[in-house]
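Reviewing the structure listed below.
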């Protein structure tokens, strides 16, 4: 699959590829103001304008190959992602540490640690895909946006909430279903035991209201040798949407310190 990608050229020697979360697109990061890097903003398989009828195009290996095709060989590249995109960014970096110069994970995880956990999650993702198939996209989006994980988004102004909802409703049912099967949390390996080998600069960002991912980030920070971890006050899981100015400030400071 050839992924749709939006490129923002700041005439810098550093590229930053941003991977969005489930039901998102490259537009997810439009509120971030990243100054020191050129931005590569793809739509991940099954999202936005990146679609395919071939189930194999949604596998982890196919997704990584499609993302690699967007990289510019002559440029240093930082891989960044949010939620699902953060998991994919971690996997991509672990597969080829020499290709990337840094990693940014917003509300991310290095995977589920045990096979029973992964099996259970695959079953839950299959149930979610069946929900999408039976109920349709609109009912699924209503269910998704009312998950406790996203409760703090209710505090955003109406315009931002409507923009997020439009983005979710712009997806295709089949694309989301394929994405859950191909790169859902239960389909990805665990990288917990490899974190200590990741020598590149890593930035972890979470929102303080997202207790689960704050705990995960702290455990990751204890294992990573070159890590910066920032917890943003008053924000939840989608911290880049809830506090874009603060997240931009954190990322720009980290870039200035390391690149």
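Rule-based calculations on the coordinates, nothing more; no lab input. These figures come from a predicted structure and were not determined experimentally. For neighbour counting, all protein chains shown are included, and Cβ atoms are generated from backbone atoms with ideal geometry for every residue, glycine included.
Details
- Length-normalised contact order of the stretch 21-93 in % [C-alpha pairs under 8 Å, at least 6 apart]: 33
- Backbone N under 14 Å from the residue 172 label point (7 Å along Cα→Cβ), restricted to the stretch 31-63: 44-58
- Highest-first arrangement of 235-242, 144-151, where packing means the average Cβ count within 10 Å: 235-242, 144-151
- Potential extension, residue 126-residue 233 segment - 0.36 nm per residue separation minus Cα distance: 35.1 nm
- Here the chain is treated as a Stokes sphere of Kirkwood radius computed over C-alpha pairs; at 37 °C and 0.692 mPa s its diffusion coefficient rounds to 179 µm²/s.
- Among beta bridges identified by DSSP and lying wholly in the chain, the antiparallel ones come to about 15 percent.
- Computed from the C-beta positions of residue 219 and residue 135, the FRET efficiency with R₀ = 35 Å rounds to 0.50.
- Between residue 194 and residue 160, full extension at 0.36 nm per residue minus the direct alpha carbon distance yields a gain of 8.5 nm.
- Whole-number percent relative contact order across the stretch 5-258, with pairs defined as alpha carbons under 8 Å at least 6 apart: 23
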